[in-house]
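*Asks:* Provided herewith is a single structure, encoded as structure tokens, for subsequent inquiry.
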Amino acid sequence: MSQIAQCSCGALRAEVAGEPDAVVACHCTECQRRTGSVLGVGAYYPKDRVKITGESKEFVRGTASGGEFRQNFCTTCGTTLFWSTANKPDSIGIAVGAFADPSFAPPVRSVWEQTHHAWLGLPEEIPHFSRGRTAT
């Protein structure tokens, strides 16, 4: 099974094969800024199961752990569609909202809850971390 995530204008697309390795809700202030929302939700896939088409521009920023976070956005509409991190170099994160599928898998964990918006609720049964989690 494959699914397609795309930017707002459709010029940048990510086709993925199979289910994600993980879906993560992140409340860090950088994800809030990246999305313009109160959190970012990303689906993580091995790079060899992702096919990117279209033109993107990359923005690189530092992370709290000292690594790099590379986010790629559409050069036409500006949607940040996918990213990679130094701590998971063989994976690509894709914005779950870009799949436009309300039945997409829910998060398996919630990270950086120290900057979580108190009115936002997530399932209690998933692990919750005050900061990022150190395990892969």
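*Asks:* Under the rule of at least 5 residues apart or a separate chain, name every residue whose amide H is placed under 5 Å from the amide H of CYS7.
*Replies:* HN-HN under 5 Å from CYS7: LEU12.
*Asks:* Could you state the per residue volume, in Å³, of the convex hull enclosing the Cα atoms of the chain? Provide the component values of the computation, followed by the final result.
*Replies:* Values: hull volume 14.8 nm³, N = 136.
With only Cα atoms used, the chain gives 109 Å³ per residue.
*Asks:* Would you mind putting 91-101, 52-62 in packing order, based on average other-beta-carbon counts within 10 Å, highest first? Working shown, then result.
*Replies:* Numbers: 91-101: 19.3, 52-62: 13.2.
The densest-packed peptide leads the list: 91-101, 52-62.
*Asks:* Multiply the residue separation of ARG109 and SER2 by 0.36 nm, subtract the distance between their alpha-carbon atoms, and state the gained length in nm to one decimal. Please report the intermediate quantities before stating the final value.
*Replies:* Numbers: separation 107, 0.36 × 107 = 38.52 nm, distance 2.34 nm.
Here the segment from ARG109 to SER2 would lengthen by 36.2 nm.
Each reported figure results from applying straightforward, stated rules to the coordinates on display, with no laboratory input. Owing to the predicted nature of the structure, the values given are computational and were not obtained by experimental measurement. Positions of Cβ are generated from backbone atoms using ideal geometry, with glycine treated the same way; all protein chains shown enter the neighbour counts.
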